Amino acid sequence: MRMRAESWSPTGPTVWSAVRGEVGKRLRAWYAQQDGHHKQCALAAMLTTGSDDFKDVLVPLLRDANNQMRLAVIHTGAELLPSSLGPNWQEEVRMWPEAARLDFLTELARNACPRPLA
């Protein structure tokens, strides 16, 4: 089951603004680990924040010409939210290669459809 970052708590943005410095540092350190499983978990945690604090990590992966790099982000288990790419996410995505745009928009469309919880 995927959890929408903005649905986990009505105070999510408020909480994030209070913890972003320390938690952000820890997530970046976790992502720096060489183990691929740790990287995947760190990416999932970054995405779950819904914050654009990690767009410097996420955007290069999502626009990478290698679809395995893009899919590694998409298949972290966390929902990919446009907010993770910043307020000008549409302009950002327009500059990506067509295949990367298609993967991103397909994931957004897939997440927009309600799914059964069971």
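The values are calculated or read from the model by the stated rules, or taken from the named source; none is laboratory data. Remember, it's a predicted structure, so these values are computed and weren't measured experimentally. All Cβ positions, even for glycine, are placed from backbone atoms using ideal geometry, and neighbour counts span all protein chains on display.
Just to be sure I understand the filter: pairs with C-beta atoms under 9 Å, separated by 6 or more residues or on different chains, first member in region 71-97 and hydroxyl-bearing (Ser, Thr, Tyr), second member modelled with pLDDT under 90 and in a loop (DSSP other than H, G, I, E, B). Which pairs pass? Matching pairs, first to second residue: 83/50; 84/50. Just one residue in the set 109, 44, 72 is among the small types (Gly, Ala, Ser), outside any loop (DSSP other than H, G, I, E, B), over 21 Å from residue 15 (Cβ atoms) and within 14 Å of the chain's Cα centre (by Cα); that residue is 72.
Can you tell me which residues in region 44-56 are more than 16 Å from residue 16 (Cβ to Cβ) and crowded, with 18+ Cβ neighbours inside 10 Å? Answer for region 44-56, where residues must be more than 16 Å from residue 16 (Cβ to Cβ) and crowded, with 18+ Cβ neighbours inside 10 Å: there is none. Every condition in (1) under 29 Å from residue 14 (Cβ atoms); (2) crowded, with 18+ Cβ neighbours inside 10 Å holds for residue 28 except the one numbered (2). Whether any residue in region 14-31 is within 22 Å of residue 110 (Cβ to Cβ) and modelled with pLDDT under 90 is what I want to check. Within region 14-31 (the criterion being within 22 Å of residue 110 (Cβ to Cβ) and modelled with pLDDT under 90), the answer is no, since none of the residues qualifies.
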